[in-house]
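Input: a single structure, listed below in structure tokens.
Bear in mind these aren't lab numbers, they're just calculated from the coordinates by the rules spelled out. Computed from a prediction, not measured in an experiment: that's the story for all the values here. Methodologically, a virtual Cβ is constructed for each residue, glycine included, from the backbone with ideal geometry; neighbour enumeration extends over all protein chains shown.
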Amino acid sequence: MIRAMCLLILSLLSSQVFAQSSQNQMFIAPDSELERQVELFEFETPQRQKTAIELAKSLRCPQCQNQNLVESNSPLAKDLRLIVFQKINSGESEQQVIDFMTARYGEFVLYKPSFTWKNALLWGLPILLLATFLFASSKSVVKTGR
């Protein structure tokens, strides 16, 4: 009886969440117009096109694991690719676009994060472990006499 009540409550809650998400249009397939805009985007100069594509290749898709904005076919990647193309085409610099993306999505979107004190341990820990291992190995070799 209790199990049946729990299942009923869960089914009601899940149907309400689904109804609300469909009203908010959270899980709607990407618009074909957006796909056309991204695929057929026209740049003012070939240099801006090259810059925009290289920049989009250097930015990670926040939704995908280890795919850049050009490789990913997720709706978010297509949106971000269009934003990158528009910003570069309007004359913004690569650094301005990178600053916009990191302000919005954090340093996760960068394949090469900047060195800061927050991530110094992450960068320095492998070197510290290697140095500790070499020091401990040399001490054990001296003690054993080999």
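Tell me, what is the Rg over Rh of the range 33-121, with Rh the Kirkwood radius over Cα pairs?
Radius of gyration relative to Kirkwood radius: 0.99.
Give me, ordered by chain and number, the residues 5 or more places off Arg60 or on other chains with an amide H under 5 Å from its own placed amide H.
Leu110, Tyr111
Which GluC sites (Glu not before Pro) in the range 88-120 pass both tests, a DSSP loop state and at most 15 other beta-carbon atoms within 10 Å?
Glu92
Which lysines, on any chain, are close to Lys87 with Cα under 18 Å apart, when same-chain ones fewer than 8 places away are left out?
Lys50, Lys57, Lys78
What is the gain in length, in nm to one decimal, between Ser74 and Trp117 on full extension, counting 0.36 nm per residue of separation less the C-alpha to C-alpha distance?
12.2 nm
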